[in-house]
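Read the structure below first, then the notes.
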Amino acid sequence: ELPGFYYDSEKNRYFRLLPGHNNYNPLTKESIQYKAMERERLRLLEEEEKQKKKTTRAGLNSSMLLQKRQLGLLSSTTYSRLVHELKVNCMRRRKIEIHSPNPLVAGTNNFKIIVADAACERIFTVNDVEYGECKYGIINLSGLGKESPTVKMYDNLYFTNRKVLQKSLFSLTHVIKLCLMGIAETPGCASLLPESLFSSTNPGDRLGMLCRFTISTGWSCAWCLNPQVDTCFSTGLTRRVLVTNVVTGHQQTFGSSSDVLAQQFATQTPMLYNGCRSGEIFSIDVRQRSRKGQSWKATRLFHDSAVTSVRLLEAEHYLMAADMAGKIKLWDLRTTKCVKQYKGHHNEYALLPLHVNEEEGLLAAVGQDCYTRIWSLQDAHLLRTIPSPHPSSKDAIPSVVFSSRLGGSRGVPGLLMAVKQDLYHFSYN
């Protein structure tokens with residue numbers, strides 16, 4: 001790079017960056033980089049349309065996998081994982097038609113967040129509406145397996161003027177509900193919503209919010225699925241963690257030296273893992289009483305940048321964490337050492353989630369550059385990079401869900417991507 005100049009790759013020469021009038025110059029390094037990124041995105045989209053796909057690994061194809069399986073050279077687990085890698089590489093994009101009981105609602109608002117329920121029969125959505133408000137909805141995925149994929153979207157009547165930052169799904173007395181975190185100016189709020197708010201039946205029969213309280217600026221939330229404390233959820237706030245029992249209303253506060261940006265409860269033990277803006281990851285045993293100081297912190301791990309997502313693997317011996325430097329690390333909680341790094345993720349300042357699918361042996365994440373990347377959990381190999389169907393921008397970062405049973409136990413496998421007002425299904429061939 002030469003100060004005051006930029007390099008034009010098409011003309012193979014340098015040009016001077018001239019100062020613009022009234023402090024405005026349309027030719028900047030950022031605009032040049034954006035045009036280059038847009039050209040690359042369009043090229044990748046064109047390749048996907050033509051299905052010019054290479055195998056993820058040299059010599060890996062379905063016939064060879066089947067032959068090795070029949071010869072007993074591959075275990076059933078390894079065979080299934082490698083088949084998923086092949087299928088992921090061949091996924092094709094299809095746009096989904098969204099139907100709604102209210103035809104004026106479907107497809108009119110930008111998707112902000114989508115999260116799948118445990119059975120993957122539906123997804124929960126947060127959509128932006130006019131005047132800075134958000135609305136919540138449920139999309140039924142039963143129509144994904146059709147020739148022309150369609151879904152049904154049900155909106156609730158509850159709008160909030162607060163920016164929804166994160167939400168968590170949980171089950172209480174066998175009814176699916178939502179734990180939502182919202183921040184606007186100050187203060188923020190935590191809300192607990194019953195599923196009946198999204199029902200298409202008589203609005204008069206709907207229950208109101210089960211729990212709602214004012215908090216300081218909130219960053220994250222998580223619901224506890226451990227049977228010992230399965231009536232609790234946590235909210236990550238500015239320099240503290242707030243654990244709330246929704247039955248008794250009792251609240252417990254744990255102080256922190258930094259803002260808590262990511263949280264997840266363990267299921268086998270009553271432990272809460274927290275990722276902080278300082279790069280620290282620490283765990284809390286929620287059965288103990290909070291006290292001053294940091295002596296109640298159990299496991300402690302450290303990243304070089306703010307932690308944006310934490311995900312425990314099924315056996316709960318390993319924890320996956322992503323940060324604002326674009327690094328994704330797999331930590332062994334027994335030795336507190338990093339054992340793997342997943343390279344290629346892009347992030348500088350956004351709170352971006354990780355999507356871990358151990359059954360399929362896959363890790364998926366959407367970067368700030370709006371590319372969706374999928375890695376092999378086993379060896380951190382980057383399997384596929386999916387460009388966004390829309391030009392990349394801060395308000396067009398896709399939200400994704402990946403599962404082998406979208407639409408229920410007999411559903412179709414693949415990736416769901418919500419970007420702007422559109423919903424796409426990347427289906428296995």
Between Thr231 and Arg13, what FRET efficiency comes out of the Förster formula 1/(1 + (r/R0)^6) with R0 = 51 Å and r the beta carbon distance, rounded to 0.05? 0.15
With a cut-off of 12 Å, note down the residues of segment 344-378 whose backbone N falls inside the zone around a label point 7 Å from the Cα of Cys90 toward its beta carbon. none
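Any chance you could run the full-extension gain for Gln67 through Glu49? It's 0.36 nm times the residue separation minus the Cα-Cα distance, nm to one decimal. Display every interim value, and only then the final one.
Working: separation 18, 0.36 × 18 = 6.48 nm, distance 3.03 nm.
Answer, rounded to one decimal: 3.4 nm.
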Candidate aspartates and glutamates for bridging to Lys340, where Cα separation is under 20 Å - those fewer than 8 sequence places away on the same chain excluded: Glu85, Glu280, Asp304, Glu314, Glu316, Asp323, Asp332, Glu358, Glu359, Glu360, Asp379
Place a label point 7 angstrom from the Cα of Leu42 along the Cα-to-Cβ direction, then list the residues of segment 388-404 whose backbone nitrogen is under 15 Å away. 388-392
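Percent relative contact order of segment 217-276, based on C-alpha pairs within less than 8 angstrom and at least six residues apart? All intermediate terms of the calculation are to be shown ahead of the outcome.
Details: 147 pairs, mean separation 20.2, N = 60.
About 34 percent, as a whole number.
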Based on the Cβ-Cβ distance from Leu382 to His250, what FRET efficiency comes out when R0 is 41 Å, to the nearest 0.05? 0.35
Using a simple spin-label model with points 7 Å from Cα along the Cα→Cβ vector, what separation in nm is obtained for Ser393 and His346? 1.7
With DNA, RNA and ligands ignored, accessible area of Glu40 (1.4 Å probe; Å², nearest 10): 70
Based only on Cα atoms, what mean projected area does the convex hull of segment 248-375 have, in nm²? 8.6
Ranking Leu193, Leu225, Leu44 from most to least accessible area with a 1.4 Å probe gives Leu225, Leu44, Leu193
Based on the Cβ-Cβ distance of Gln33 and Glu314, what FRET efficiency does E = 1/(1 + (r/R0)^6) give at R0 = 51 Å, to the nearest 0.05? 0.80
Is there a pair in Lys35/Lys95; Lys112/Lys152; Lys11/Lys50; Lys394/Lys420; Lys87/Lys152; Lys95/Lys146 whose C-alpha atoms are over 21 Å apart, and which pairs would that be? Lys35/Lys95; Lys11/Lys50; Lys87/Lys152
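The values are calculated or read from the model by the stated rules, or taken from the named source; none is laboratory data. Because the structure is predicted, anything quoted here is derived from the model rather than measured. Every residue, glycine as well, gets a Cβ built from its backbone with ideal geometry; the counts of neighbours run over all protein chains shown. Quick note on the areas: whole protein, heavy atoms, side chains included, nothing else; ligands and nucleic acids left out. Shrake-Rupley method; radii C 1.70, N 1.55, O 1.52, S 1.80 Å.
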